[in-house]
Amino acid sequence: MTSADPRTNPDNFCYRHPDRQSFVLCQRCLRTICPACQTPLPVGVICPECLAEQQKGARSAEVKRMPGRFARKLRSDRPVVTYAIVIVTIAVYLLQLIPVVGGTITSALAFAPGYVVPGSGAPFEPWRMLTVAFVHSTPLPFHVALNMLALWALGRSLEPSLGKVRFLALYVLSAIGGSALVALIAPGSAVVGASGAVWGLLTSMIIIGRHLGVNILPIAILLGINLVFSFVGSGVSWQSHIGGGLVGLLVGYIFSKTRARKRQGLQAALLVAVGVGLIAVTVIVPGLLYL
């Protein structure tokens, strides 16, 4: 029971300093605390123990919110997807140089229209429309070196602007687009290389750069030079270049028209539709044209 005389009532003395009288309570635990033990809050004061507990809880919450190393890299502006594609492609190329093993890898990943046309006699392996971007002609390294140099230069600008998922979608769809045009107009050919995917990056920069107000003249000049080389260079699949470039233009246009956050769902749906449409056209049309 509380005494009428505050000097004999322990509830009116600081719980940490029993010789110090106080009439102030901790906002959390309601224990009496003297001025030396008080930490002001926006409303009321808090004792040292409650303050320590509150700070510990805040640190724990901050740790939970802190993303892991992999997540931080994905959220950074570093073009990690570009670097990953370059590393994987070069690693596959080095494997291609190994006798016996290299030929098996090339045969397993290269693209020929027969692999996507039902009834062609070849096994149905539509994934080759994408894996073709990871194998290159050997033994001279010029093919893979030029493609990876272009990918590195374009990816460092495009990936931070688009984001990693969109950049990867652009690369994948452009590679598939290059294979699709090869199947449509060059059904007897077999191709290797990332040229179609790289061309998609190049042409998409024209659309994206134009909407961002960037000077696209240097890109257009580079595209023109590559276009000439595609038709006059020996052993070059111009169909793959043009197919990847056309898809790059389409995807770049989709990105430019669906930049608003509220249109992200539409953007994803359109990208999926492009991928499904490319595969469907590649599977169905050649079979009808070359029966």
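The values are calculated or read from the model by the stated rules, or taken from the named source; none is laboratory data. Please read these numbers as outputs of a predicted model, since none were measured by experiment. Note that each Cβ is placed from the backbone with ideal geometry, even for glycine, and that neighbours are counted across all protein chains shown. We work out accessible area using only protein heavy atoms, side chains counted, and drop any ligands, DNA or RNA first. Shrake-Rupley method; radii C 1.70, N 1.55, O 1.52, S 1.80 Å.
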Fill in: Pair list, Cβ < 6 Å and 6+ apart or interchain, from the range 141-152 residues that are more than 14 Å from PRO79 (Cβ to Cβ) to residues that are aliphatic (A, V, I, L, M)
ASN147/ALA194; ASN147/VAL198
Discussion item. For the range 241-263: of the residues being aliphatic (A, V, I, L, M) and in a helix (DSSP H, G or I), which is farthest from LEU130 (Cα to Cα)?
Written reply: ILE254
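Of the residues GLY163, GLY200, which single one is under 17 Å from ILE254 (Cα atoms), open to solvent by less than 40 Å² (accessible area, probe 1.4 Å) and without any contact (Cβ under 8 Å) to a residue 40 or more places away in the chain? It would help to see each step written out before you state the result.
Values: GLY200 fails: without any contact (Cβ under 8 Å) to a residue 40 or more places away in the chain.
That would be GLY163, the only listed residue that is under 17 Å from ILE254 (Cα atoms), open to solvent by less than 40 Å² (accessible area, probe 1.4 Å) and without any contact (Cβ under 8 Å) to a residue 40 or more places away in the chain.
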Worksheet item: Among the listed residues LEU168, LEU140, LEU146, LEU109, which satisfies the condition of being under 17 Å from the mean Cα position of the chain (by Cα) and of a type outside the set (Phe, Trp, Tyr)?
Response: LEU168
Practice prompt. Taking the residues in the range 92-134 that are crowded, with 18+ Cβ neighbours inside 10 Å and of a type in the set (Phe, Trp, Tyr) as candidates, determine which candidate is farthest from LEU181 (Cα to Cα).
Written response: TYR93
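Kindly indicate the residue of the range 19-56 that is of a type in the set (A, V, I, L, M) and part of a helix (DSSP H, G or I) and also surrounded by the most Cβ atoms within 10 Å (Cβ to Cβ) among those meeting that condition. Give the steps one after another, and end with the answer.
Applying the first criterion (of a type in the set (A, V, I, L, M)) to the range 19-56 yields 24-25, 30, 33, 36, 41, 43, 45-46, 51-52.
Filter once more, keeping what is part of a helix (DSSP H, G or I): 36, 51-52.
Numbers: ALA36: 11, LEU51: 17, ALA52: 11.
Result: LEU51.
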Practice prompt. Would you check which residues across the range 1-18 are modelled with pLDDT of 80 or more and open to solvent by 60 Å² or more (accessible area, probe 1.4 Å) and list them?
Written response: TYR15, ARG16, PRO18
Discussion item. Taking the condition of being at pLDDT 90 or above and at positive phi, how many residues in the range 205-257 meet it?
Written reply: 0
